1. Using only alpha-carbon positions, what ratio does the radius of gyration of the range 27-92 give when scaled by 2.2 N^0.38 Å?
2. With a 10 Å Cβ neighbour count serving as the proxy for reagent exposure, in which order, fewest first, do V55, V48 appear?
3. What residue among N76, G37, L58 has its Cα farthest toward the positive end of the dipole of the range 25-91, where the charges are +1 on Lys, Arg and -1 on Asp, Glu, each on the Cβ?
Amino acid sequence: MKTIVALAVMSLAFAAAAHSQEQQSLQQSFKAIIGKGYDIKAVTFATVESREGFVVTLQKEKSVAVCYFAAGNWINLSNQFLDNPKSCDVRY
């Protein structure tokens, strides 16, 4: 009986931790992230889902952001794409 209760408590703890971690991940625009004081740490040319583009990694203290841009959009730094609120994932 104690084992079942312990397993149930552990399951709830893991579920709560996973839920908490999910809430700390947000999508934001590149311009918003730069405006908050994040520093660019790396820019990498990569193929993602058979599309060529740039992966931009940014950091501010313990928070990390990863942005993906199609090659032409990053090269031209088009405001339309830099303002896209779904271009970057931010983890706190």
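Throughout, read-outs are computed from the coordinates displayed, never taken from laboratory work. Computed from a prediction, not measured in an experiment: that's the story for all the values here. All Cβ positions, glycine included, derive from the backbone under ideal geometry; neighbour counts span all protein chains shown.
1. Working: Rg = 11.1 Å, N = 66, 2.2 N^0.38 = 10.8 Å.
So the range 27-92 has a normalised radius of gyration of 1.03.
2. If I rank by nearby Cβ atoms, fewest first, I get V48, V55.
3. Of the candidates, G37 comes out farthest on the positive side.
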